[in-house]
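Chemist: Below is the structure I would like to discuss, written out as structure tokens.
Derivation of every value follows stated rules applied to the coordinates shown; laboratory data play no part. Keep in mind that this is a model prediction, so the values were computed, not measured. We place every Cβ from the backbone using ideal geometry, glycine too, and count neighbours over all the protein chains shown.
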4 protein chains.
Amino acid sequence: MRKKDEAKPEVIFEASLDVLMDSGFGGFSMAKVAERANIAVGTIYLYFNNKEDLLNQLYLKLYKESIERFLENYDTTAPFTEGLKRVWVNYLMHRINHYKKSHFLEEYYKSRFISDTHKQMAEQMKKPVHDIIQKGKDLGLVRKDVDNEMIFLGMLGFIRELADEHVANVFVLDDNSIDKAFDMSWNMIKA
Amino acid sequence: MRKKDEAKPEVIFEASLDVLMDSGFGGFSMAKVAERANIAVGTIYLYFNNKEDLLNQLYLKLYKESIERFLENYDTTAPFTEGLKRVWVNYLMHRINHYKKSHFLEEYYKSRFISDTHKQMAEQMKKPVHDIIQKGKDLGLVRKDVDNEMIFLGMLGFIRELADEHVANVFVLDDNSIDKAFDMSWNMIKA
Amino acid sequence: MRKKDEAKPEVIFEASLDVLMDSGFGGFSMAKVAERANIAVGTIYLYFNNKEDLLNQLYLKLYKESIERFLENYDTTAPFTEGLKRVWVNYLMHRINHYKKSHFLEEYYKSRFISDTHKQMAEQMKKPVHDIIQKGKDLGLVRKDVDNEMIFLGMLGFIRELADEHVANVFVLDDNSIDKAFDMSWNMIKA
Amino acid sequence: MRKKDEAKPEVIFEASLDVLMDSGFGGFSMAKVAERANIAVGTIYLYFNNKEDLLNQLYLKLYKESIERFLENYDTTAPFTEGLKRVWVNYLMHRINHYKKSHFLEEYYKSRFISDTHKQMAEQMKKPVHDIIQKGKDLGLVRKDVDNEMIFLGMLGFIRELADEHVANVFVLDDNSIDKAFDMSWNMIKA
DNA sequence: AATGAATGAGTGTTCATTCAT
DNA sequence: AATGAATGAACACTCATTCAT
């Protein structure tokens, strides 16, 4: 008996993502994944219990990668608003450049009963951003009378709409409009 | 002859919605709808050409109902911010109370090629809100240096996030937090 | 209670034939017939037990009409070979000009268990042609050592092939080739 | 892995033929084939793209087998009429012993757009017989004033009718009547 | 561990037939 | 007598999952 191939799950994830991008959520099938990964269908079932399990794990993986992108180039020593804008723009660009993945995450999240562990994990992943918000409050720069989560949602929602309309070519963004949008976000939460 | 049942399409719509709630967009099937509606599969095809036609008509119906809810109890003679808040809250409550429908509308909109008439309808829906924003600018109450659409997106995105987290039981809203949230939205756009 | 409409069955036959011509045997449906006849589906079932019954009766009707065409302009007082050629050409032209009907008759005949009454009827319809053959024998013009039926089949088969190839544009007939073909048929059966 | 079953297509062909025999062309369904073959419906689709593909391949297979039977035991060195009779009887017996197959071939040929390769195959099938006819002409035994194709049709048509009536139990053949029939065919074409 | 042939429940859709009006 | 809405079994085809190799 050979050892389980350590790299296989990753290969399957990649193939799954390709299929998801090409064929969308509805066109996703185990056979397509297997073909894309150049393995047999049966092989997938050695590493994942079933289709749902595969998608669940893919969801988590993409979620983690997303979070990582938010904090890219974030410098804790930089002035507060500068750091905040960094993270704000990171999320905007992530949503634009990884629109399909991002869309899958959202759809998937809404489409099924998400387990409590899942929820906790999601919470944990938001932590770095919450920390920044808390830091702003501690510095007296961010209004203290509202919940950190609400502040988070206010910014997040705006960014999502901006990105989605941009991708849909309804409302196209340039540097100037991005600056204006961040200014609006800042007015929303500043002390 | 048996008379054509005027109520049947409505029954089918209701059943479709139920199925959509239970099984989601992907799990939607004509057989499930028929069972839910206590009719034979073939009967659905007397009133709708095919699955796509059924979903299209359901989409339109829900869309119209949504628009009506947004402007409920909106009084044009009331003070500006009061009117704005009315619409703001209307949308929040709509999103919360009709979450699944709202979600279906969004998913459906994204999932297929939406015809131009559809797009025009979407524009039309936004019009009353855009008008309010413009009125705010004319009164010197809303900042004039940003596009109406961007102002719209800023508010819309926040509301959506709030409602979605509320429905998912992640962040539960009460009257106080709703007031705070509107205050944030207002700071975002005020002159 | 109104009396059964005497003309209805004929209307239904006509519509059935139209559908058969347009959509072929496979595309035949009761709904199409009803639409063509400008009546309701249910009405067909007042005059025919079911689809099979309708087709059976249509079959018989077309069969009778075919036989009538065979004897068109047949003059019993004309010289024997002249009369024979008349019938021979009649069948060829029938097969060519009413190819689809003729094809339906054949397909239908082969496709199901034909009842004994059906068979007797078919026999009876061949009678006039058999009579001509018998007359030829009596006159000493047709070979007497073979069965009338066999003589009939020899001519019939040739004509069918000629007509079918003509309709399929594989072997196109003109007056000269028709004369040659009849000559061959005559050699086949002459005393 | 389970090895691809080499015999499966043949099993499916056999079952298809059975269904065709029992239910006719119109009653042919993938489910019936699967049941007859004692396999799952899905399995058929591992070996054939779809229903049309299955029928096409069955058609080709039966076609080839037919051709082989026509020339069985044909001895080119034997006297001309003897050789001709061999082929003549071969076709008659083929039509009788493989009536349903033969009927399917005919119906299928007429029922759809037959590709050019198909047509060429059909031509190819006729070639040996045409060659024999030409040989008869060259030997001065067969009348030269009519087309080879017409001579072919004259014999073919007769044989078909004989066989069909025999199968339908309308006109039963024995050795004597077969001899007579060939004699008639020969009179038809001899110089 | 890896394979992919085999399975069969499920899909959207059609259509002969029934029956309340 | 006439209607056509309603039915549900049947159709071709798909796909997640299993299991013999």
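Chemist: Output the 0 to 90 degree angle, nearest 10, between the alpha-carbon long axis of helix A:99-111 and the longest principal axis computed from the alpha carbons of chain A.
Modeler: Between the helix axis and the principal axis of chain A, the angle is about 80 degrees.
Chemist: If I take the rotation axis that carries chain B onto chain D, which residue of chain B has the nearest beta-carbon, and at how many angstrom?
Modeler: Result for the axis mapping B onto D: B:ALA31, 9.
Chemist: Report the relative contact order of the range C:1-111, percent, no decimals, based on alpha-carbon pairs under 8 angstrom and at least 6 residues apart.
Modeler: For the range C:1-111, the relative contact order is 20 percent.
Chemist: Given the options C:LEU105, C:LEU46, C:LEU17, which has the most mean-square fluctuation in a GNM of chain C, springs set between C-alpha atoms less than 10 angstrom apart?
Modeler: Its mean-square fluctuation being the largest, the pick is C:LEU46.
Chemist: Any chance you could give the angle, 0 to 90 degrees and rounded to 10, that helix D:51-70 forms with the longest Cα principal axis of chain D?
Modeler: Helix D:51-70 and the main axis of chain D meet at about 30 degrees.
Chemist: Right, here's the next one. Using the Karplus curve 6.51 cos²θ - 1.76 cosθ + 1.60 with θ = phi - 60°, work out ³J(HN,Hα) for each residue of the range A:25-34 in order, rounded to whole Hz, and write x for Gly and Pro.
Modeler: For the range A:25-34, the Karplus curve yields 5, x, x, 6, 9, 4, 4, 5, 4, 4 Hz.
Chemist: When Lys and Arg each count +1 and Asp and Glu each count -1, what net charge do the other residues less than 11 Å away from C:LEU141, Cβ to Cβ, add up to?
Modeler: +4
Chemist: What is the ratio of the Cα radius of gyration of chain C to 2.2 N^0.38 Å, where N is its residue count, to two decimals?
Modeler: Against the compact-globule rule of thumb, the ratio is 1.20.
Chemist: Shifting gears a bit: Once you've got the GNM for chain C with C-alpha springs shorter than 10 Å, pick whichever of C:VAL142, C:VAL19, C:VAL170 has the biggest mean-square fluctuation.
Modeler: Ranking C:VAL142, C:VAL19, C:VAL170 by mean-square fluctuation puts C:VAL170 first.
Chemist: Looking at this model, which pairs from A:LYS110/A:LYS144; C:LYS100/C:LYS135; D:LYS61/D:LYS101; B:LYS51/B:LYS126 are more than 21 angstrom apart at the alpha-carbon?
Modeler: A:LYS110/A:LYS144; C:LYS100/C:LYS135; B:LYS51/B:LYS126
Chemist: Run the label-point distances for A:MET93 please: 7 Å along Cα to Cβ, every other copy, nanometres, shortest first.
Modeler: Listed shortest first, these distances are 4.3, 8.5, 8.7 nm.
Chemist: Tell me, what ³J(HN,Hα) does each residue in the range B:153-165 have, in order and in whole Hz, if you take phi through Karplus 6.51 cos²θ - 1.76 cosθ + 1.60 with θ = phi - 60° and put x for Gly and Pro?
Modeler: Along the range B:153-165, the couplings run 5, x, 6, 4, x, 4, 4, 4, 4, 4, 4, 4, 5 Hz.
Chemist: Let me ask something else. May I ask you to report, in nm to one decimal and beginning with the shortest, the distances from D:TYR109 to the same position in the other copies, taking label points 7 Å along Cα-to-Cβ?
Modeler: Listed shortest first, these distances are 1.8, 6.1, 6.6 nm.
Chemist: Running a GNM on chain A with Cα contacts under 10 Å, which residue among A:SER16, A:SER177, A:SER102 ends up with the highest mean-square fluctuation?
Modeler: With Cα springs under 10 Å in chain A, the top fluctuation among A:SER16, A:SER177, A:SER102 is at A:SER177.
Chemist: Pull up all non-local amide H partners of D:VAL142: gap of 5 or more, or a different chain, and H-to-H distance under 5 Å with H placed in the peptide plane.
Modeler: D:LYS137, D:ALA191
Chemist: Over the protein assembly as shown, what number does the Rg to Rh ratio reach, with both radii from the alpha-carbon atoms and Rh per Kirkwood?
Modeler: 1.18
Chemist: Grab the DSSP H runs of the protein assembly as shown that are 4 residues or longer, score each as -39,500 (n - 2.57), total them, divide by all residues and round the 222 nm result to the nearest 500 deg cm²/dmol.
Modeler: Taking each H run of at least 4 residues, the total per residue is -24000 deg cm²/dmol.
Chemist: Using +1 at the Cβ of each Lys and Arg and -1 at the Cβ of each Asp and Glu in the protein assembly as shown, identify which of A:THR117, B:GLY136, C:VAL172 lies farthest towards the dipole's positive end.
Modeler: Result: A:THR117.
Chemist: Report, in degrees rounded to the nearest 10, the 0 to 90 angle that the Cα long axis of helix C:80-97 makes with the longest principal axis of chain C.
Modeler: Once rounded, the angle reads 40 degrees.
Chemist: I've got another one for you. Exposed loop GluC sites (Glu not before Pro) only (DSSP loop, at most 15 other Cβ atoms within 10 Å): please give the longest stretch of chain A free of them, not including the sites.
Modeler: Excluding the exposed sites themselves, the longest stretch runs over A:73-191.
Chemist: Let me ask something else. Give a quick list of chymotrypsin sites (Phe, Trp or Tyr not before Pro) in the range B:33-87 that DSSP marks as loop, anything other than H, G, I, E or B, with at most 16 other Cβ atoms within 10 Å.
Modeler: Passing both the DSSP loop test and the Cβ count: B:TYR74.
Chemist: Report, for C:LYS61, each distance to the same residue's label point in the other copies, shortest first and in nm; define the point 7 Å along Cα→Cβ.
Modeler: Spelled out, the distances from C:LYS61's label point are 4.1, 4.3, 6.7 nm.
Chemist: Continuing with the same structure: Whole-Hz Karplus ³J(HN,Hα) for the range D:172-179, in order, using 6.51 cos²θ - 1.76 cosθ + 1.60 and θ = phi - 60°, x for Gly and Pro?
Modeler: Rounded to whole hertz, the list is 8, 8, 10, 4, 5, 5, 5, 4.
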